[in-house]
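Here's the structure we're looking at; comments come further down.
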Amino acid sequence: MGDSEVIHSWSAPRSLSTSLMYSFSQRDDMEVLDEPLYAHFLRVTGLDRPYREVVLSKMEPDGNKVVNDIIFGPGRKKYRFCKHMSKQRLQGLTDELMKKGKHFILIRNPLDILPSFDKVVPPSFFELGLAELVSIYNELREIGKPPPVIDAAELQQDPETTLRGLCDDLEIPFQPAMLNWEAGPKSIDGVWAPWWYSSVHKSTCFKEAKKYPQPFPFSHYDLLEQSLPLYNMLRRHVKRKSSLLSSPLPPPNLPVPANEKLLAWVGDEIVPRDSAKVSVFDSVVQGGDSVWEGLRVYNGKVFKLEEHLDRLFDSAKALAFENVPTRDEIKEAIFKTLIRNGMFDNSHIRLSLTRGKKVTSGMSPGFNLYGCTLIVLAEWKPPVYDNTRGIVLVAATTRRNSPNNLDSKIHHNNLLNNILAKIEGNNAKADDAVMLDQDGYVSETNATNMFIVKKGRVLTPHADYCLPGITRATVMDLVVKEHLVLEERRISLSEVHTADEVWTTGTMGELSPVVKVDGRVIGNGEVGPVTRKLQAAYKKLTEQEFGVPIPTYLKQ
């Protein structure tokens, strides 16, 4: 007899925990304990079970004695596997339970747990134990022992890979014997086995889940809503995911790593990045039925906020939105989001207002009875183009929408027209694509407005087929203030090719010099003097009074 190294398995009921216990029991270096804290749990909680008296009479009901004398008592083999239900870890148990041994967590989707849960016990949030499972994970992480997390679905889909990975995490050798066991009751079963283990007694291995699940009992719908976020929270810590819908790609690197952790406003609340989601019934999902604005923050101020809100409300009115938030409500959402994120400079806001959630899927705005959905997505984001050396453009075959089809003065989220042009730009390895109108004249790029300089005159296309951008209007004012000649007219593509200077304007990129279009070098291929002059004037403008101050910024 000697000390066994204890391996703690924590799970909710109906999570294949008994199958996993059988798996570990096949090892030649392992002894197992089936829910050793069960009697303590029943004694302290007073809960009724069909087998309550049998459990209390045959098992030690003092939890601390169980921990000290049974779980960590002398053993016959190198390892001892303890199967625990998370809800059985009650207050008052010695800290040694968590501090000693190796722990891992087994999870299962509540969608798969709840249909068979109430065969013995009526399901409840407490009985499911997912909140306590999250608590166990967090406690172990805080004491420097973050536990491996495995999903029952992975055990069913690829048991060997999952078990090998778990053994690696536990720093024990994998044994092939873990993949099979004999059918029927086992000597290691708890006395409650006749009530709970009838299905697992028919098994001899981890079997692949049925292709199509059984219908969900909607009497448990509220419990599913409560428990699913907890399951998803734990599932984020599963190392090896294999799912029908999971991406085979590794997590991508973010353009700005600091944006991995940010807070966004969705609807009427601020939530973490991974929780920032809208309903599948929302109009932006159903049909791109939403309007938006891009805002930039400079030195504690939101630049041109009032102008952007004017356009947002105009777009919403043109699309006949109802139950639109007030101007002050939208401002408050913007300010609170920025303050919560500590974003007072060098940041960008994607402000969206959708027609809102529908009562049923469909096109008709008559289904929108919940009011609009407001989204404030603030990110750390420097200008997205190279404004020092310049960018390259290519003309797209995709034409800009005509007002006969969809008026570009409505700043809507249905951007497929622009995206198709952007695909052409990407394929040509250009920074963006020039879009022409239906008559072949230059309209804008897929994301920005355009200006050209020819013989000292600054030209820009009419805002008939393109969005009359706020940065565009600001730069037009600057052109006049700098005593340059401004002309708004039709511009052909060949005029762009032969221009002395070209630049684009937009909130995300500010003033971006263009050094090549369709393989033609613009001017001498460098940023021109007029562009530099206006870049400097625009920068000065952003540093001055043209912005709405963020409350509390000066108090930082």
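Structure values in brief
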| quantity | calculated |
| --- | --- |
| Length-normalised contact order of the chain in % [C-alpha pairs under 8 Å, at least 6 apart] | 11 percent |
| Cα gyration tensor shape of region 166-255, rounded if a/c is under 1.5, else prolate or oblate by comparing a/b with b/c | oblate |
| Relative contact order for region 267-380, counting Cα pairs under 8 Å that sit 6 or more residues apart, in percent | 35 percent |
| Net charge, Tyr385 excluded, C-beta distance under 13 Å - Lys, Arg +1, Asp, Glu -1 | -2 |
| Alpha-carbon Debye profile of region 307-421, log10 I(q)/I(0) at 0.10, 0.12, 0.13, 0.23 Å⁻¹ | -0.43, -0.61, -0.71, -1.31 |
| Karplus-derived 3J(HN,Hα), 6.51/-1.76/1.60, for each residue of region 47-56, Hz, glycine and proline x | 5, 8, 9, x, 10, 3, 5, 5, 4, 5 |
| Of all DSSP beta bridges in region 391-544, antiparallel share, percent nearest 5 | 65 percent |
| DSSP-loop trypsin sites (Lys or Arg not before Pro) across region 275-328, with at most 15 other Cβ within 10 angstrom | Lys277 |
| Ordering of 124-130, 428-434 by packing [mean C-beta count within 10 Å, highest first] | 428-434, 124-130 |
| With all protein chains modelled, accessible area of Lys65 [1.4 Å, Å²] | 100 Å² |
| Cα centroid of region 45-98 to Cα centroid of region 13-39, whole Å | 13 Å |
| Alpha-carbon centroids, region 516-556 and region 333-387: separation in whole Å | 25 Å |
| Stokes-Einstein translational diffusion, region 357-451 - Kirkwood Rh over all Cα pairs, 0.890 mPa s, 25 °C, in µm²/s | 154 µm²/s |
| Three-way shape label, region 404-446, alpha-carbon gyration tensor, a/c 1.5 | oblate |
| For the chain, the spread of Cα positions along each principal axis, largest first, Å | 97, 51, 47 |
| Scattering profile of region 50-99 at q = 0.17, 0.29 Å⁻¹ [log10 I(q)/I(0), Debye over alpha-carbon scatterers] | -0.61, -1.30 |
| Under 10 Å, Cβ to Cβ, from Ala12 - net charge with Lys/Arg +1 and Asp/Glu -1 | +1 |
| Rounded to the nearest 20 debye, dipole of region 297-385 from Cβ charges on Lys, Arg, Asp, Glu | 240 debye |
| DSSP-assigned coil residues among chymotrypsin sites (Phe, Trp or Tyr not before Pro) in region 162-224, each with at most 12 further Cβ atoms within 10 Å | none |
| Cα-based convex hull volume of region 441-530 per residue, rounded to whole Å³ | 89 Å³ |
| Acute angle (nearest 10 degrees) that the helix 470-481 long axis makes with the longest principal axis of the chain, alpha-carbon atoms | 30 degrees |
| Alpha-carbon gyration tensor eigenvalues x 5, square-rooted, for region 1-137, Å | 23, 18, 14 |
| Cα centroid separation, region 456-486 to region 117-168 (Å) | 60 Å |
| Rg/Rh (Cα only; Kirkwood hydrodynamic radius) as it applies to region 391-544 | 0.94 |
| Range of Cα positions in region 84-147 per principal axis (Å), largest first | 36, 23, 16 |
| Those trypsin sites (Lys or Arg not before Pro) in region 488-556 that DSSP places in a loop and that have at most 15 other beta carbons within 10 Å | Arg489, Arg490 |
| Kirkwood hydrodynamic radius of region 104-184, Cα pairs, Å | 14.7 Å |
| Kirkwood hydrodynamic radius (C-alpha pairs) into Stokes-Einstein, region 82-231, 37 °C and 0.692 mPa s, D in µm²/s | 189 µm²/s |
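The values are calculated or read from the model by the stated rules, or taken from the named source; none is laboratory data. Keep in mind it's a predicted model, so treat the numbers as computed, not measured. A quick note on method: Cβ atoms are made from the backbone with ideal geometry, for glycine too, and the neighbour counts reach across all protein chains shown. We work out accessible area using only protein heavy atoms, side chains counted, and drop any ligands, DNA or RNA first. Shrake-Rupley method; radii C 1.70, N 1.55, O 1.52, S 1.80 Å.
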